[in-house]
Amino acid sequence: MTLDEDTPFMHAALEQARLAWDAGEVPVGAVLVIGGEIVGRGYNQPISACDPSAHAEVMALRDAGQHLANYRLPGSTLYVTLEPCVMCSGAILHARVSRLVYGARDPKTGAQGSVLDLFGEFPGQGFGQRFGQVARLNHHCTVTASVLADECGAMLSAFFAERRASRRSGLARDRLARDSNRCIAGSGVVAASAALRIRRAPCGCKPAPTDTVSQRKQMKLRINLATQELDLLDDSEAVLRRYPISSAANGPGEAAGSYCTPRGQHLVRARIGAGQPLNTVFKARRPTGEVYSPELGAAEPERDWILTRILWLSGKEPGYNRLGTCDSMRRTIYIHGTPDEGFEQAPRSHGCIRMRNADLVELFDRVPAYTPVEIVENV
Ligand SMILES: [Zn+2]
């Protein structure tokens, strides 16, 4: 495969890395490709998943393995934005990945030449196209380094620069609050870095760990298009909460460009907007800096408002709502907030699931990434 053929897949891996950033994780992304098609996607999420093994490569391999119903992935190419570590290199071997393509080098934990050379018999031979040299290993994987290395490295640099700035401003705010001997107004977030996840209790005395969603039992969402309701279910399928929703005006359907709401089994691929104020306006999954108001809505009556939080759905059923021309993730099917004053519990959307903003915030805080979502026409 040529560099030109590798580039679009590395861009897809960078899209995954952006999801990690949005979740407050170090932005590393990966996609697994077989026969020119992406069959697995993953992004770094060890913090939010409380899982030290939740690196982008492992998540992409798990995703592909589950959907192909095979723990081995021969003939596949793994694209990852950062040089894999020892753990991920091992997983690549166990999965029988045929080729590894990575972007930026990792001088701290890279196991493809930077710190260790796990597949190479002769460490320090340099980078680029090469073949696994360790004859005693039972599987060999070719490695191509430095594809879009500048873009991949720039995303990491920008993330850490933002985090340092955020930490500095958080510490300054904390100092100000301490000096004036009063609580910080609002939500009480001391350090804005999502990686720290530390909040100040309402009294301002002791920091307490955030009640992370991942500490709870496995939840499930069921969306009923007939009743226009979303149920939050616990692991025994008991209904914990029921919310009104608004699905597609065009009805159910899976095809790209149909503006219909896809049915079937999905999962929450990404949680976007944690900590943002109610009615924050999003465009292309990034806050625009606007906060929705009825006046803003009146000024742009045709705009499809995406507010407050986004739960980005990914289909789990290849050929029905995953991959090809029916891929829910590529169709950018979200559960998202909508202007409260215009909300109707009826099919009105362009394909997504709309919710009232306060309902969505409550739901968002209770569902971690990878929560199963079932969309049915009727129960
Ligand atoms: Zn790793």
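Values in this text are rule-based calculations from the coordinates and carry no lab data. Everything quoted here is computed from the prediction, not taken from an experiment. With ideal geometry, Cβ positions are generated from the backbone for all residues, glycine too; neighbour counts draw on all protein chains shown.
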Task: Inter-label distance, nm, simple model (7 Å from Cα along the C-beta direction), residue 325/residue 237 - done: 3.5
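Just want the ordering: 364, 119, from fewest to most Cβ atoms lying within 10 Å of their own Cβ. Walk me through the numbers before you get to the answer.
On the way: 364 21, 119 24.
Least crowded to most crowded, the residues run 364, 119.
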- [ ] Return the aspartates and glutamates within reach of residue 108: Cα separation strictly under 15 angstrom, same-chain partners fewer than 8 residues apart disregarded; answer none if there are no such residues.
- [x] 83, 117
Open item on the list: Quick check: net charge around residue 290, other residues with Cβ under 13 Å of its Cβ, Lys/Arg +1 and Asp/Glu -1?
Closed with: +1
Open item on the list: Need one number: nm distance between label points at residue 87 and residue 37, each 7 Å from Cα along Cα→Cβ, rounded to one decimal.
Closed with: 3.1
Open item on the list: Could you give each residue of the range 263-271 its phi-based ³J(HN,Hα) in whole Hz, using Karplus coefficients 6.51, -1.76, 1.60 with θ = phi - 60°, and x for Gly or Pro?
Closed with: 9, x, 7, 10, 9, 7, 7, 8, 10
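Could you state the orientation-averaged shadow area of the convex hull built on the Cα atoms of the range 274-379, in nm² to one decimal?
Numbers: hull surface 30.1 nm².
One quarter of the hull surface, i.e. the mean projection, equals 7.5 nm².
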Task: Phi to ³J(HN,Hα) by Karplus 6.51 cos²θ - 1.76 cosθ + 1.60 over the range 248-256, Hz, x for Gly, Pro - done: 5, 4, 7, x, x, x, 10, 6, 4
Open item on the list: Just to be sure I understand the model, the point goes 7 Å from the Cα along the line to the Cβ. What's the resulting residue 286 to residue 136 distance in nm?
Closed with: 4.9
Task: Linear extension gain, residue 259 paired with residue 304, 0.36 nm per residue minus alpha-carbon span - done: 14.9 nm
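Can you give the percent of C-alpha pairs in the range 230-291 whose distance is more than 13 Å?
On the way: 1459 of 1891 pairs.
Within the range 230-291, distances greater than 13 Å cover 77 percent of Cα pairs.
Say R0 is 56 Å: what FRET efficiency, to the nearest 0.05, do residue 11 and residue 345 get from their beta-carbon distance? Write down the numbers at each step before the final one.
Working: r = 39 Å, r/R0 = 0.70.
That gives a FRET efficiency of 0.90.
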TODO: For residue 220, list the aspartates and glutamates whose Cα falls under 12 Å from its own Cα; do not include residues on the same chain fewer than 8 positions away.
DONE: 231, 234, 235, 237, 374
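If you average 1/r over all unlike Cα pairs in the range 288-343 and invert the result, what Kirkwood radius do you get in angstrom?
Mean inverse Cα-Cα distance, inverted, gives 13.1 Å.
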